[in-house]
1. Ignoring everything except DSSP H segments at least 4 long, calculate the 222 nm mean residue ellipticity for the chain; use -39,500 (n - 2.57) per segment, divide by total residues, nearest 500.
2. With +1 on each Lys and Arg Cβ and -1 on each Asp and Glu Cβ, how big is the dipole of the stretch 10-74 about its Cα centre, in debye rounded to the nearest 20?
3. Which order do peptides 35-44, 7-16 fall in by mean Cβ count within 10 Å, highest first?
4. Pairs on different chains or at least eight residues apart, Cα atoms closer than 17 Å: how many lysine pairs in the chain fit?
5. Working from the alpha-carbon coordinates of the chain, get Rg over Rh, Rh being the Kirkwood radius.
6. Once label points are set 7 Å from the Cα along Cα→Cβ at both Asp37 and Asn64, what is their separation, rounded to one decimal in nm?
Amino acid sequence: MYLFDDLDFLELVKQMLEERIKRQEEVINAEKLGFYDKQLNYELTKELHKYEEWLNYIDSYIINKTVFGGGSIR
C-alpha cells in the first residue's frame, strides 16, 4: 500500500502540523511580548508559513482522496 493512500496516516500528519503551527504561533507571540527582534520574528514567521503551506497541501490531498478517490496535492 502506498503511504499516501492511508487516510489515517494523513490525518495524523495533519494533526501534527496543526499542533506545530499552534506552538509556532505561541513562540512568535512570546517573542513579541518578551523582546522584539525583527530578524528572529521574520525567521519564525517564515517557518510558520512553511508549516501552514504543508498543512494546506495535506488538506487538499485528503479532500481529493476522499471525494475523488485519487488526485494529487496540486
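1. Numbers: 2 runs with 59 residues, N = 74.
After summing the helix terms and dividing by the residues of the chain, the value is -28500 deg cm²/dmol.
2. Numbers: 10 positive and 12 negative charges, 38 e Å.
Dipole of the stretch 10-74, to the nearest 20 debye: 180 debye.
3. Details: 35-44: 11.0, 7-16: 13.3.
In descending order of packing, they fall as 7-16, 35-44.
4. On the way: Lys14/Lys22; Lys14/Lys50; Lys14/Lys65; Lys22/Lys32; Lys22/Lys46; Lys22/Lys50; Lys32/Lys46; Lys38/Lys46.
Pairs that pass both the separation and distance tests number 8.
5. Details: Rg = 15.6 Å, Rh = 13.7 Å.
A ratio of 1.14.
6. Here the answer is 3.9 nm between the modelled labels.
Laboratory data are not the source of any read-out in this text; all were calculated from the coordinates shown. These numbers come from a predicted model, not from an experiment. When we count neighbours, we look across all protein chains shown, and the Cβ atoms used for this are built from the backbone with ideal geometry, even at glycine.
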